[in-house]
Amino acid sequence: MTNNTSPSTFTDDRYCFCCGEKNPLNLKMQFHYEGEKLFSSVFFPKEYQGFNNVVHGGIIGTALDEVMVNLHYLKDQRVVTAEYNVRLKAPCPVNQKVLLSAWSIKKKGRLYFTGSEARLENGTLIAEATATCMKITCSQ
């Protein structure tokens, strides 16, 4: 098996599952800052369900991971997730817009500690997450 990615260099070919505009199956996530918080939204169709008409928890975790990494990445703090923890709080119905936010908790050396949450448009908290992100060497 050949690995074309060295462990110290990551490149962005715009094919990310969450936000890559070249990936026809991407979640179409876009990001904007309000102060120090980063916001995004995502729409999960039925194809992303776990139980009947409920979004799979792993997909929700993936979207939260994406917003937490981009909180730093979009400020040229090139990081990857070293570890993250997701707490699912309420079922997320399919075919609804989900609002995501992320914020910085603290920085220690190469590590960035980050928090996030996912809410339905009516304000219902569906999930919250924390992540430890690690600064990397990155190529454009």
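For this structure, a couple of remarks:
- Long-range neighbours under 7 Å by Cβ, at least six apart or interchain, first residue over 20 Å from LEU111 (Cβ atoms) within region 121-140, second hydroxyl-bearing (Ser, Thr, Tyr) and modelled with pLDDT under 95: SER139/THR9; SER139/THR11
- Summed over region 24-36, residues that are surrounded by 14 or more Cβ atoms within 10 Å (Cβ to Cβ) and either at pLDDT below 70 or small (Gly, Ala, Ser) (or both) total 0.
- Test: residue in region 62-73 that is under 20 Å from LYS135 (Cα atoms), without any contact (Cβ under 8 Å) to a residue 40 or more places away in the chain and not in a strand (DSSP E or B): yes
- Within region 19-44, residues that are without any contact (Cβ under 8 Å) to a residue 24 or more places away in the chain and in a loop (DSSP other than H, G, I, E, B) have Cβ atoms under 7 Å from residues that are of a type in the set (Gly, Ala, Ser) and surrounded by 14 or more Cβ atoms within 10 Å (Cβ to Cβ) in these pairs: ASN26/GLY20; GLN30/SER40, counting only partners at least 6 apart in sequence or on another chain.
- One residue from LYS89, LYS97, LYS107 being without any contact (Cβ under 8 Å) to a residue 60 or more places away in the chain, surrounded by fewer than 16 Cβ atoms within 10 Å (Cβ to Cβ), under 18 Å from CYS18 (Cβ atoms) and of a type outside the set (S, T, N, Q): LYS97
The values are calculated or read from the model by the stated rules, or taken from the named source; none is laboratory data. In this text the structure is predicted, and so the values were computed from the model without any measurement. Positions of Cβ are backbone-derived with ideal geometry, glycine not excepted, and every protein chain shown enters the neighbour counts.
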